[in-house]
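The values are calculated or read from the model by the stated rules, or taken from the named source; none is laboratory data. These numbers were taken from a predicted model, which means no experiment stands behind them. Cβ coordinates were reconstructed from backbone atoms using ideal geometry, including for glycine residues, and neighbour counts include every protein chain displayed.
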Amino acid sequence: QKEVEQDPGPLSVPEGAIVSLNCTYSNSAFQYFMWYRQYSRKGPELLMYTYSSGNKEDGRFTAQVDKSSKYISLFIRDSQPSDSATYLCAIWPGGGNKLTFGTGTQLKVEL
Amino acid sequence: SAVISQKPSRDICQRGTSLTIQCQVDSQVTMMFWYRQQPGQSLTLIATANQGSEATYESGFVIDKFPISRPNLTFSTLTVSNMSPEDSSIYLCSARTSYNEQFFGPGTRLTVL
């Protein structure tokens, strides 16, 4: 079993839709959860960083963590064509350990 | 946050040669890393760059092939040695701040002929 599983997509939605991107993880030792956005031919950009269970909102983006279910989500409201990118979840147990990345979900928001 | 720059942004190299990629962070960070990303794939950690000491390599990566330096808190280099076409990839520098946020550079796109 992989440490983190991410819905592979690709996901195509109309402009204005609410997008839900999801990952599950297997080890309860993971305490930190991140979402990255990566445009084609660019480096990953840190979008959201959360530590505790619950929701964290930043503009149109909401990160949700459910540690009891080992499930994390990123919601994008009022999606725009500029949101078209690959979204990577990443989990981290803390300390000097490395991030563990999901495989990424490719999102396309169409006009 | 931390802003990371990399040089070169891309290069085309001949088989058997070496390329050194430079990574500069605009602020002091606790940890620096080097990743590789194949097109359409997720990120693979090559090594953690340790200041003033030998890097810590992940399974499948060795120092002779990927020597890494980190002379100070904001700068690191990755060398890809004796290159083959299989080394063609995107190489990404990454840095973790004292707030535990991890940022990435824009990447170096390497093509080996």
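Annotations
- Top-ranked residue of region B:88-102 - restricted to ones that are more than 8 Å from every other protein chain (Cβ to nearest Cβ) and more than 13 Å from the chain's Cα centre (by Cα), ranked as farthest from A:Tyr51 (Cα to Cα): B:Ser88
- Residues that are of a type in the set (A, V, I, L, M, F, W, C) and within 14 Å of chain B (Cβ to nearest Cβ), drawn from region A:22-47: A:Cys23, A:Phe30, A:Phe33, A:Met34, A:Trp35, A:Leu46, A:Leu47
- One residue from B:Arg36, B:Arg15 being out of contact with any His (no Cβ under 6 Å at 6 or more places or on another chain) and closer than 13 Å to B:Ile68 by Cβ: B:Arg36
- Candidates are the residues of region B:79-105 that are within 15 Å of B:Thr17 (Cβ to Cβ) and among the hydrophobic types (A, V, I, L, M, F, W, C); the one that is surrounded by the most Cβ atoms within 10 Å (Cβ to Cβ) is B:Val80.
- Flag if A:Thr50 is within 14 Å of chain B (Cβ to nearest Cβ), surrounded by 16 or more Cβ atoms within 10 Å (Cβ to Cβ), of a type in the set (Val, Ile, Thr) and touching a Pro at 6+ places or on another chain (Cβ under 9 Å): no
- Scan region A:1-46 for residues that are in a loop (DSSP other than H, G, I, E, B), modelled with pLDDT of 95 or more and under 19 Å from B:Gln38 (Cβ atoms) and the total you get is 3.
- The listed residue being closer than 17 Å to A:Phe101 by Cβ and of a type outside the set (Phe, Trp, Tyr), out of B:Gln41, B:Gln24: B:Gln41
- The numbered conditions (1) over 25 Å from B:Phe33 (Cα atoms); (2) touching a residue at least 12 places away in the same chain (Cβ under 8 Å) are all true for A:Cys89 except (1).
- Number of the condition not met by B:Val29 [criteria: (1) at pLDDT 95 or above; (2) assigned to a loop (DSSP other than H, G, I, E, B); (3) closer than 17 Å to A:Lys98 by Cβ]: (1)
- Of all residue pairs spaced 6 or more apart or on separate chains, those with beta-carbon atoms under 8 Å, a first member in region B:96-113 that is at positive phi and a second member that is modelled with pLDDT of 95 or more and surrounded by fewer than 17 Cβ atoms within 10 Å (Cβ to Cβ) are B:Gly107/B:Ser9.
- Selection from region A:53-111 of residues that are crowded, with 17+ Cβ neighbours inside 10 Å, within 14 Å of chain B (Cβ to nearest Cβ) and in a loop (DSSP other than H, G, I, E, B): A:Lys98, A:Leu99, A:Gly102, A:Thr103, A:Gly104
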